[in-house]
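**Student:** Sharing a structure with you now.
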C-alpha cells in the first residue's frame, strides 16, 4: 500500500531541486526522496533542504534509490535533457524518450500503485510515453501540461487589466509548446466575458491584445532561457499545485496533460485540456465550449504531437 504523504522526485537538476523546495514548504508530505544518477548531487540537495526544516514543517528529506519509492504515493519525474537556447521542447523528444525507457521500468519494478507526475519536456510526448511504458491506468499518469502556461496567461492578463489574477478564469490548452492556444471564447473575469471586460476598460483592440498575449505566453520560456539559461521556479510551483489537488482531493479543474479518448474529437493522445484533478489523479476531462477556430487549432496541436509520437513508434 502506498503512503500518499511520501513522494519521490527523480532528477535533481534545477527543476527537480526547485520542486523539492516548493513541496517542502507546502507541508503536503512527511517524506521526500530525491533520486538522481549523480548520487552526490541528490545527497547535497537533500542536505541543503533538510537544514531548512526548522523553518518549515517536520519531514524527512533524503537521497535514495529506486528501492526507496516502493511506498511513494506520487513519483515526480523531472529527469531529462534540458532545453537549450533556440531548441523547441519537441526537439528534446528523442533524447528524453530514451531516458524514460530506462526510468519508467525501474519505477514499475518497485511501485505499480503510485501516481506518476511527468514534468520533463516535451511533457505531452513524455506523458504518453510514460503511460505506454508503465502500463498504468490513464488517470494515474499526469503531465504538468499547460498549468504553468495558464498561470502565465492569468498573470499577464492581471497586469494588463489591473485585476487580481485569482479573478481571471482562462485556460491555455493543447501542447505545452509552440502550438498551444488561448481559449479566449470562454475566458472571463468573474463571470464577465474577457472581451466585454476589455470594452468596459476602454481597451478597444482586445482581439489584437489577446493574440499578442498568446505569443508572449508561448515565448516566455524561450525568453527566460535566453536571459538566465533555464526555467524552474514557475514549473516548481506548478508541481506543487498539482500535488495539492491530488493530496487534498480538491477536484480542482486545471489543464494537465493526460490521455484523451473522445473528448474534443481527439483520440489516443496526451494533451492539456481542463481536467478534474483529485485523489484519483486525472479523474475527468471537462469539455469546455470551443469556437471553430479554437477547435481547429486544438486539432492541429494534437496532430503535431501525433507526428512526433509516430516517429518514435510509441
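**Student:** When you go through (1) modelled with pLDDT of 95 or more; (2) more than 23 Å from residue 313 (Cβ to Cβ); (3) within 18 Å of the chain's Cα centre (by Cα); (4) not assigned by TED's automatic domain parsing to the domain that holds residue 240 one by one for residue 171, which number turns out not to apply?
**Tutor:** Single failed check for residue 171: (4).
**Student:** Separate question: Which of the residues belonging to region 62-100 are closer than 27 Å to residue 228 by Cα, free of Cβ contacts under 8 Å to residues at least 60 places away in the same chain and touching a helix residue (DSSP H, G or I) at 6+ places or on another chain (Cβ under 7 Å)?
**Tutor:** 81, 96, 100
Here's the yes/no breakdown for (1) outside any strand (DSSP E or B); (2) without any contact (Cβ under 8 Å) to a residue 12 or more places away in the chain:
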{"residue": "236", "(1), (2)": "yes, no"}
{"residue": "240", "(1), (2)": "yes, no"}
{"residue": "250", "(1), (2)": "yes, no"}
{"residue": "253", "(1), (2)": "no, no"}
{"residue": "258", "(1), (2)": "no, no"}
{"residue": "264", "(1), (2)": "yes, no"}
{"residue": "268", "(1), (2)": "no, yes"}
{"residue": "283", "(1), (2)": "no, no"}
{"residue": "288", "(1), (2)": "yes, no"}
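**Student:** State all residues of region 108-132 that are farther than 19 Å from residue 304 by Cβ and touching a residue at least 60 places away in the same chain (Cβ under 8 Å); if no residue qualifies, say none.
**Tutor:** The answer is 111, 113, 114, 115, 117, 119.
**Student:** Take the residues in region 112-127 that are modelled with pLDDT of 95 or more and more than 13 Å from residue 76 (Cα to Cα); name whichever of them is nearest to the chain's Cα centre (by Cα).
**Tutor:** Ranking the candidates gives 124 first.
**Student:** Another question about this same structure. Residues of region 214-234 being part of a helix (DSSP H, G or I) and within 14 Å of the chain's Cα centre (by Cα), which ones?
**Tutor:** Once the filter is applied, which keeps residues that are part of a helix (DSSP H, G or I) and within 14 Å of the chain's Cα centre (by Cα), region 214-234 yields 221, 233, 234.
**Student:** Continuing with the same structure: Looking only at residues that are under 26 Å from residue 224 (Cβ atoms) and either touching a strand residue (DSSP E or B) at 6+ places or on another chain (Cβ under 6 Å) or at pLDDT below 90 (or both) in region 184-211, which one is surrounded by the fewest Cβ atoms within 10 Å (Cβ to Cβ)?
**Tutor:** This residue is 208.
**Student:** Looking only at region 270-281, count every residue that is assigned to a strand (DSSP E or B) and surrounded by fewer than 21 Cβ atoms within 10 Å (Cβ to Cβ) and tell me the total.
**Tutor:** So the answer is 2.
**Student:** Among the residues that make up region 141-149, is at least one of them farther than 26 Å from residue 69 by Cα and either modelled with pLDDT under 95 or assigned to a loop (DSSP other than H, G, I, E, B) (or both)?
**Tutor:** Taking every residue of region 141-149 in turn, at least one turns out to be farther than 26 Å from residue 69 by Cα and either modelled with pLDDT under 95 or assigned to a loop (DSSP other than H, G, I, E, B) (or both).
**Student:** Restricting to region 49-59, give me the number of residues that are touching a residue at least 24 places away in the same chain (Cβ under 8 Å) and surrounded by 12 or more Cβ atoms within 10 Å (Cβ to Cβ).
**Tutor:** Residues meeting the conditions: 6.
**Student:** Here is a follow-up. Go through region 101-115 and report how many residues are in contact with a helix residue (DSSP H, G or I) (Cβ under 6 Å, 6 or more places away or on another chain) and crowded, with 23+ Cβ neighbours inside 10 Å.
**Tutor:** 2
**Student:** Right, another one. Among the residues of region 28-39, are any under 29 Å from residue 177 (Cβ atoms) and in contact (Cβ under 8 Å) with a residue 60 or more places away in the chain?
**Tutor:** Taking every residue of region 28-39 in turn, at least one turns out to be under 29 Å from residue 177 (Cβ atoms) and in contact (Cβ under 8 Å) with a residue 60 or more places away in the chain.
The values are calculated or read from the model by the stated rules, or taken from the named source; none is laboratory data. All values derive from a computational prediction rather than experimental measurement. Positions of Cβ are generated from backbone atoms using ideal geometry, with glycine treated the same way; all protein chains shown enter the neighbour counts.
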